[in-house]
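A.B. asks: This structure is in structure tokens; I'll ask about it shortly.
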Amino acid sequence: MSVDKISGLDDWNLEGLPKDALVDASIHFAYPPIEELKALQPTQRVKRVNELMQLNIQAVVAQCQPVTYSPSPSKHRPRGMKCCLPLSKLEDLRSMEQVTWATITGVAGGKKIVRRKRKAQQFFCVRMTAAIQIEDVSDGLQSYEDRFVLIKAYSSEDAYNRVQAASSQYAEPYLNEAGYLVRWKVESLDDCYVTGITTLSDFTNPAGVEVFSVIQRRRITPERVWDGKTE
């Protein structure tokens with residue numbers, strides 16, 4: 001079943017509205033294939049993309065006849081457009097291959113349908129530091145753990161609270177081989193990563209799932225340089 005390009009229309013009660021009722025739409029265009037841009041220099045690539053997007057805007061204007069329109073996010077870097085067009089022109093908009101999707105943000109004379117949203121849980125990955133404490137050891141080096149825990153919660157704050165509540169269980173003391181008490185004490189909750197995973201079945205993705213990511217910077221060395229060619 002194909003996915004409708006136009007979303008947000010069912011959020012409005014259109015009963016009794018004329019066909020020429022005006023709707024506000026945010027339109028996104030298909031990005032040109034990378035293969036078509038590779039032969040160009042970087043500045044030329046950006047220029048070419050901008051030219052193609054302007055052509056897309058002109059095509060929408062010609063076919064859908066919006067009352068008002070503007071490039072989005074800006075006229076210097078158009079990647080889509082915002083416009084006000086007649087309700088009857090949505091079918092024309094839907095049929096355009098240049099349009100990947102459009103969101104209806106307003107309907108003149110239409111009443112927005114208020115739906116009660118039920119907040120869903122998803123998986124969060126909480127990063128924490130846990131100290132490995134040995135009874136009466138007060139000098140020398142101490143081992144510590146950089147720990148990552150997947151937990152299902154409603155928000156990052158909820159994930160932190162759930163992990164914090166379980167930290168006392170994680171710190172339950174036990175005896176090591178020498179008879180000393182040892183505990184793994186959570187010292188800090190350092191980060192929380194939203195995985196976007198909502199069900200256990202998501203973990204069966206053959207490509208794997210990302211559960212934590214940190215972007216850092218490092219110095220470029222010759223072996224880290226990429227010439228833009230696919231290896």
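A.B. asks: May I ask you to verify whether Arg48 is part of a strand (DSSP E or B) and either under 23 Å from the mean Cα position of the chain (by Cα) or more than 30 Å from Lys185 (Cα to Cα) (or both)?
C.D. replies: no
A.B. asks: When the residues of segment 1-44 are narrowed to those that are of a type in the set (Ser, Thr, Tyr) and part of a loop (DSSP other than H, G, I, E, B), which ends up modelled with the highest pLDDT?
C.D. replies: Tyr31
A.B. asks: Still on this model: If I filter segment 119-150 down to residues being of a type in the set (A, V, I, L, M, F, W, C), in contact with a strand residue (DSSP E or B) (Cβ under 7 Å, 6 or more places away or on another chain) and more than 20 Å from Val209 (Cβ to Cβ), which single residue comes out as surrounded by the fewest Cβ atoms within 10 Å (Cβ to Cβ)?
C.D. replies: Going through the qualifying residues, I end up with Ile132.
A.B. asks: Would you check which residues across segment 88-108 are closer than 18 Å to Ser72 by Cα, buried (at least 18 other Cβ atoms within 10 Å of the Cβ) and among the β-branched types (Val, Ile, Thr) and list them?
C.D. replies: Once the filter is applied, which keeps residues that are closer than 18 Å to Ser72 by Cα, buried (at least 18 other Cβ atoms within 10 Å of the Cβ) and among the β-branched types (Val, Ile, Thr), segment 88-108 yields Val99, Ile104.
A.B. asks: Six or more apart or on different chains, Cβ under 6 Å: which pairs go from a residue in segment 199-226 that's under 18 Å from Phe124 (Cβ atoms) to one that's among the hydroxyl-bearing types (Ser, Thr, Tyr) and surrounded by 10 or more Cβ atoms within 10 Å (Cβ to Cβ)? Could you list them?
C.D. replies: From segment 199-226, the pairs are Val211/Thr195; Phe212/Tyr193.
A.B. asks: Let me ask you something else. Going by what's in this entry, would Tyr180 be described as among the hydroxyl-bearing types (Ser, Thr, Tyr) and touching an Asp or Glu at 6+ places or on another chain (Cβ under 9 Å)?
C.D. replies: Taking the combined requirement at face value, the residue satisfies it.
A.B. asks: If you don't mind, another one. Just the residues that are touching a Gly at 6+ places or on another chain (Cβ under 6 Å) and of a type in the set (A, V, I, L, M, F, W, C), please, taken from segment 15-55.
C.D. replies: Hits for segment 15-55 are Leu17, Ala21, Ile27, Phe29.
A.B. asks: From the list Leu189, Leu141, pick out the single residue that is assigned to a loop (DSSP other than H, G, I, E, B), at pLDDT 95 or above and of a type outside the set (Gly, Ala, Ser).
C.D. replies: Leu141
A.B. asks: Can you name the number of the only condition in (1) farther than 26 Å from Glu210 by Cα; (2) assigned by TED's automatic domain parsing to the domain that holds Tyr180; (3) surrounded by 16 or more Cβ atoms within 10 Å (Cβ to Cβ) that Ile57 fails?
C.D. replies: Unmet for Ile57, out of (1) farther than 26 Å from Glu210 by Cα; (2) assigned by TED's automatic domain parsing to the domain that holds Tyr180; (3) surrounded by 16 or more Cβ atoms within 10 Å (Cβ to Cβ): (2).
A.B. asks: If you don't mind, there's one more thing I want to ask. Looking at this structure, is Ser74 under 30 Å from Gly196 (Cα atoms) and either acidic (Asp, Glu) or at pLDDT below 95 (or both)?
C.D. replies: Yes: the conditions hold for Ser74.
A.B. asks: In this structure, is Asn161 at pLDDT 95 or above and either out of contact with any Gly (no Cβ under 7 Å at 6 or more places or on another chain) or not aromatic (Phe, Trp, Tyr) (or both)?
C.D. replies: Yes, satisfied.
The values are calculated or read from the model by the stated rules, or taken from the named source; none is laboratory data. The shown structure was predicted, so the numbers you read here are calculated from the model rather than taken from an experiment. Glycine also receives a Cβ, built like all others from the backbone with ideal geometry; neighbour counts cover every protein chain displayed.
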